[in-house]
Amino acid sequence: MGVTDLSFHHTTSSLVANVLMSMGFDVKRVFSPHQENFEKLKTGEVDMLSSAWLPSSHGIYKADVETVEPLIELGLHYEPYALWGVPDYVPEGAVSEVADLIKPEVAEKMNSTIQGINAGAGITRFSIQMMKDYGLNDAGYTFLTGTEEDCFSAFENAVAKKEWVVVPLWKPQFLHYRYAIREIKEPKGLLGIVDRAVLLLREDKQSLFTEAQIRKLDALRFSNDVIAALDYKVCREGLSRDEVTRDWLETNGFLS
């Protein structure tokens, strides 16, 4: 199973892996950045991918895979979307939408660095376009790519100092479990739409599964809040990912 190499994708894939292991499969998880994950699905290095955000964030990657092999969409892991947010102590009267960031009185108080994640992520592609279309580069802001921890720690460090800061984020993400992050409006629609997070299976690998197993994988339903809460337990409370997800699956009847 190919897994996009971000913590909440690890957590979602752990839920799926526990279900697969309960079916008797030996599951090898291969962790890669967004686009590389789909390239491995295309070459057949991995049989399935957790999780694809469709149609907005990962639709272009899925279409590329399907030039070689059709894909089957299974389940609805959660309903993700990209956003730009600010800590809730930033007054809504001052910053309610992206365009407010270029107001002189806001730009003066706001941290000028907007720390993102890796270059292949949908939120990164969207954010780079927003920097141009909203004139943020000209207003003195800088968008940086980096690791997810670069992004999360930049936000947490700013909050610890009560700094005004913009975080390019998404749901589900564990920061929402811990912090009150207010989404700011983006009227140009550059952040995409609410996606469906699904498991992708190469059609030529469907024969590995019985019809009942396919139905069970297709019946997997989590949510933004569930993934955020489970990922927080792993990333900030230090608990075992596979144990946390197995406990949740057992409690909610997915392993019965």
Response to the item:
Turns out the helices (runs of 4 or more DSSP H) fully within segment 124-240 with at least 2 residues that are farther than 18 Å from residue 52 by Cβ and in contact with a helix residue (DSSP H, G or I) (Cβ under 7 Å, 6 or more places away or on another chain) are 148-160, 175-178, 224-235
Discussion item. Report every pair of residues separated by at least 6 positions or lying on different chains whose Cβ atoms are under 7 Å apart, first residue within segment 36-57 and touching a residue at least 24 places away in the same chain (Cβ under 8 Å), second part of a loop (DSSP other than H, G, I, E, B) and among the β-branched types (Val, Ile, Thr).
Written reply: 40/46; 42/68; 56/193
Practice prompt. Collect the residues in segment 160-175 that are at pLDDT below 95 and out of contact with any strand residue (DSSP E or B) (no Cβ under 7 Å at 6 or more places or on another chain), keeping them in residue-number order.
Written response: 173, 174
Fill in: residue 190 without any contact (Cβ under 8 Å) to a residue 60 or more places away in the chain and at negative phi
no
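What are the residues in segment 84-101 that are in contact with a strand residue (DSSP E or B) (Cβ under 8 Å, 6 or more places away or on another chain) and either at pLDDT below 95 or open to solvent by less than 40 Å² (accessible area, probe 1.4 Å) (or both), if any?
Once the filter is applied, which keeps residues that are in contact with a strand residue (DSSP E or B) (Cβ under 8 Å, 6 or more places away or on another chain) and either at pLDDT below 95 or open to solvent by less than 40 Å² (accessible area, probe 1.4 Å) (or both), segment 84-101 yields 84, 85, 86, 87, 90, 95, 96, 98, 101.
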Fill in: Residues within segment 47-101 that are under 22 Å from residue 194 (Cα atoms), among the acidic types (Asp, Glu) and part of a helix (DSSP H, G or I), tallied
1
Practice prompt. Among the residues of segment 85-143, write down those that are small (Gly, Ala, Ser) and within 20 Å of residue 33 (Cβ to Cβ).
Written response: 116, 119, 120, 121, 122, 127
Worksheet item: Is segment 102-110 home to any residue that is surrounded by 15 or more Cβ atoms within 10 Å (Cβ to Cβ), assigned to a strand (DSSP E or B), without any contact (Cβ under 8 Å) to a residue 60 or more places away in the chain and over 19 Å from the mean Cα position of the chain (by Cα)?
Response: yes
Response to the item:
Subset of segment 111-136, residues open to solvent by 10 Å² or more (accessible area, probe 1.4 Å) and closer than 20 Å to residue 175 by Cβ, comes to 111, 113, 115, 118, 123, 126
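The values are calculated or read from the model by the stated rules, or taken from the named source; none is laboratory data. Since the model is a prediction, treat every value here as computed from it, not as a measurement. Neighbour counts run over all protein chains shown; Cβ positions are idealised from the backbone, glycine included. The protein model used for the area step is the full one, side chains on, heavy atoms only, and it has no ligands, DNA or RNA in it. Shrake-Rupley method; radii C 1.70, N 1.55, O 1.52, S 1.80 Å.
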